[in-house]
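The values are calculated or read from the model by the stated rules, or taken from the named source; none is laboratory data. Keep in mind it's a predicted model, so treat the numbers as computed, not measured. Here the Cβ is made from the backbone with ideal geometry for all residues, glycine too, and neighbour counts use every protein chain on show. Heavy atoms of the whole protein, side chains included, go into the accessibility calculation; ligands, DNA and RNA do not. Shrake-Rupley method; radii C 1.70, N 1.55, O 1.52, S 1.80 Å.
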Amino acid sequence: MADVGDLVARDRRVVWHPYASVSGSTPLFPVASAAGTRLTLTDGRELIDGMSSWWAAIHGYRHPVLDEAVRGQLETMSHVMFGGLTHEPAVALAETLVAITPDPLRRVFPCDSGSVAVEVAIKMALQYWTGRGRPGRTRLLTIRRGYHGDTSGAMAVCDPDAGMHHLFSHLLPRHLFASAPACAFDEPCEDAHVAEIEGLLAGHADEIAAVICEPVVQGTGAMRWYAPGWLARLRELCDHYGVLLIADEIAVGFGRSGELFGCDHAGISPDIMCVGKAMTGGYLSMAATLCTDEVAAGVCDSPAGVFMHGPTFMGNPLASAVANASIDLLLSSPWQARVREISAGLAAGLAPAADLPGVADVRVLGAIGVIETREPVDMTVIQPLLVDLGVWVRPFGRLVYTMPPFIISPADVATLAAAMVEAVARTI
Ligand SMILES: Cc1ncc(COP(=O)(O)O)c(C=O)c1O
């Protein structure tokens, strides 16, 4: 095996990392292995995982049940194309997704990543309106501070200022944006809170295909949460103005916020729902877009007669098998109690950060904990410090945040939170 010592140097020569320059100015840490809640670096240091590999590895790494699911599936088939063929793992996964998501969602389109699931959702909405004889409904309405992925359709509905709009605005379709909901998670939703989005719906109903939003938890774009009552009002408004509602559950789905799905906080059902990330327990890239029978019928009534999308790795058997195992594992575990325990641990552990002068806010919902700083953090300083403190937390802008695997122990939650507070105290 090649000497791991020069892994970073080799990486610097040929690899491009997410949201990174090739100048090699940001720190990079070589990982030798990952098991349970620990990442082991090639220099032997063990880090407590505070990121679940971006919301995905909810059961931790190398979980024996998930390892076995992949191994078992390898014995049968690793992949076959999904056009004209089907197989047990994909059908079982679709059945499970239909069973656990809000009732009217009955049709599942498997796809390869969260961004693609959002593209698929948008295309479904547009084709639906073509099928219903309203091809002029081509715009989307969304809320600021949102994040829906990095492909062009998804980028166009990310926050227009903090997202990538300004870089690609000449290429992206112009959609409609309302302010992010102003009512906090535990506040009631008043008429004033929905006035702006209602105004946009009323003024543009004939051209809007769908409203898309992250239900209750705005993840990567903001790490903030809003009142479930706001989402319930949005559902009513979409019905009133005859507009579809797309719920992007890719980050928050599968228990992260304390409910299985963000929509469950509000007791609503969207017309189209995207899931991904934790669906495979972080083992393989897979996502899915679900829709109602009505949306599916509209799409198939469009002149094309079929839904015009079909990724090469759609329904991949390995990913489907591990997704089935991951969902079973989640549902057969005391996940709600675990998330509550993580929540309490994060709330207690992060609380001291609220007294730091450079901190604007500290907040916790479910298994998500956030320290929001007043100024952006310096990644070249805070990232190595967090590693020195024994945790893997990857801050972003003014957000030092964690969403650990659900299997994390209370002691590790305390260590994680203390390291975050200390890193902020020493660098901000
Ligand atoms: C809410 C939401 N939607 C979509 C995506 C895109 O998912 P992926 O990175 O798998 O393309 C993300 C990723 O962070 C997300 O948080």
Next on the checklist: Helix-only mean residue ellipticity at 222 nm, the chain, DSSP H runs n ≥ 4 weighted -39,500 (n - 2.57), per residue, nearest 500. What is it?
Outcome noted: -11500 deg cm²/dmol
Next on the checklist: Test of the criteria: in the stretch 121-157, which trypsin sites (Lys or Arg not before Pro) are in a DSSP loop and have at most 11 other Cβ atoms within 10 angstrom of their Cβ?
Outcome noted: none
Checklist entry - Which of these, 151, 130, 402, has the largest mean-square fluctuation under a Gaussian network model of the chain (Cα springs below 10 Å)? => result 151
Next on the checklist: Angle check, please: helix 317-331 long axis (alpha carbons) against the longest principal axis of the chain (alpha carbons), in degrees 0 to 90, nearest 10.
Outcome noted: 80
Checklist outcome for this item: Short to long, in 10 Å steps from zero, the percent of alpha-carbon pairs of the stretch 77-332 per bin is 8, 32, 38, 19, 3, 0
Next on the checklist: Viscosity 1.002 mPa s, temperature 20 °C: what is the translational diffusion coefficient of the stretch 44-144 from Stokes-Einstein with a Kirkwood Rh over Cα pairs, rounded to a whole number of µm²/s?
Outcome noted: 122
Checklist entry - Rounded to the nearest 5, what % of the DSSP beta bridges within the chain are antiparallel ones? => result 65
Next on the checklist: Can you compute the modelled spin-label distance between residue 332 and residue 293, with each label point 7 Å from Cα toward Cβ, in nm?
Outcome noted: 3.2
Checklist entry - How big is the C-alpha Rg of the stretch 249-334 next to the rule-of-thumb value 2.2 N^0.38 Å, as a ratio? => result 1.23
Checklist entry - Over all distinct alpha-carbon pairs, what is the Kirkwood Rh of the stretch 177-220 in angstrom? => result 11.9
Next on the checklist: Using a 1.4 Å probe on the protein heavy atoms, what percent of the accessible area of the stretch 77-332 belongs to carbon and sulfur?
Outcome noted: 56
Checklist entry - Pulled fully out, how much extra length does the chain show between residue 71 and residue 13, if you take 0.36 nm times their separation in residues and subtract their Cα-Cα distance? => result 17.5 nm
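Which peptide among 234-241, 374-381, 67-74 comes first, and what is the full order, when sorted by highest mean count of other Cβ atoms within 10 Å?
In descending order of packing, they fall as 234-241, 67-74, 374-381.
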Item to check | C-alpha long axis of helix 228-241 to longest principal axis of the chain, angle in ° | outcome: 20
Item to check | Accessible area per residue in Å² at 1.4 Å probe, computed on the chain | outcome: 41
Next on the checklist: Rounding to the nearest 10 and keeping the result within 0 to 90°, find how far the Cα-based axis of helix 410-427 lies from the longest principal axis of the chain.
Outcome noted: 80
Item to check | For residue 107, residues with placed amide H under 5 Å, excluding near neighbours | outcome: 291
Item to check | Normalised contact order of the chain, rounded percent, pairs of Cα under 8 Å and 6 or more residues apart | outcome: 22
Item to check | 39 Å tail of the calculated P(r), the chain, as % of Cα pairs | outcome: 18
